[in-house]
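Novice: Let me begin by handing over the structure; questions about it come next.
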Amino acid sequence: MKAKISNGKARQYVQDCKEFKANNLWAEWVHDEVTDIKNVRYVVYSYDRHWPLFIYEARIDAWFENASKYGTTTSKHKTQSHPHTETRQLHIDDMIKVAFLGGVTGLITPIN
């Protein structure tokens, strides 16, 4: 169950990889669509699943950050939820692949 929080508390939830729902900012653990393994990736979103801001890939202990352009509110969401750790910046298309299509292997494996 996602905790209802204010956007100002999001960073601590992100750093702890806890699910939450704030004002148009939220996070969840997702399962791998390719392997069907549950809770393999922690994803922070602005508004909806089409715009992941940050992804924690648990299998390789790595954070990914959306480097694509976005609006003022989403920029604020990104500031409020940044995990304050090293991240690898990716274009939104690659963020979607990492989040939902096999994690980092989705970046190098063609999807048929």
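The values are calculated or read from the model by the stated rules, or taken from the named source; none is laboratory data. Bear in mind that the values here come from a model prediction, so they are computed numbers and not experimental data. In this analysis, Cβ positions are derived from the backbone assuming ideal geometry, glycine residues included, and neighbour counts consider all displayed protein chains. These accessible areas exclude ligands, DNA and RNA; they are computed on the full protein's heavy atoms, side chains included. Shrake-Rupley method; radii C 1.70, N 1.55, O 1.52, S 1.80 Å.
Novice: Counting just the residues of region 20-59 that are free of Cβ contacts under 8 Å to residues at least 60 places away in the same chain and of a type in the set (Lys, Arg), which one comes out surrounded by the fewest Cβ atoms within 10 Å (Cβ to Cβ)?
Specialist: Looking at the filtered set, the residue picked out is Lys38.
Novice: Can you name the residue in region 78-98 that is β-branched (Val, Ile, Thr), assigned to a helix (DSSP H, G or I) and in contact (Cβ under 8 Å) with a residue 24 or more places away in the chain and is also surrounded by the fewest Cβ atoms within 10 Å (Cβ to Cβ) among such residues?
Specialist: Ile92
Novice: Give the residue, chosen from Ala10, Ala62, Ala67, that is open to solvent by 50 Å² or more (accessible area, probe 1.4 Å) and either of a type in the set (Lys, Arg) or under 13 Å from the mean Cα position of the chain (by Cα) (or both).
Specialist: Ala67
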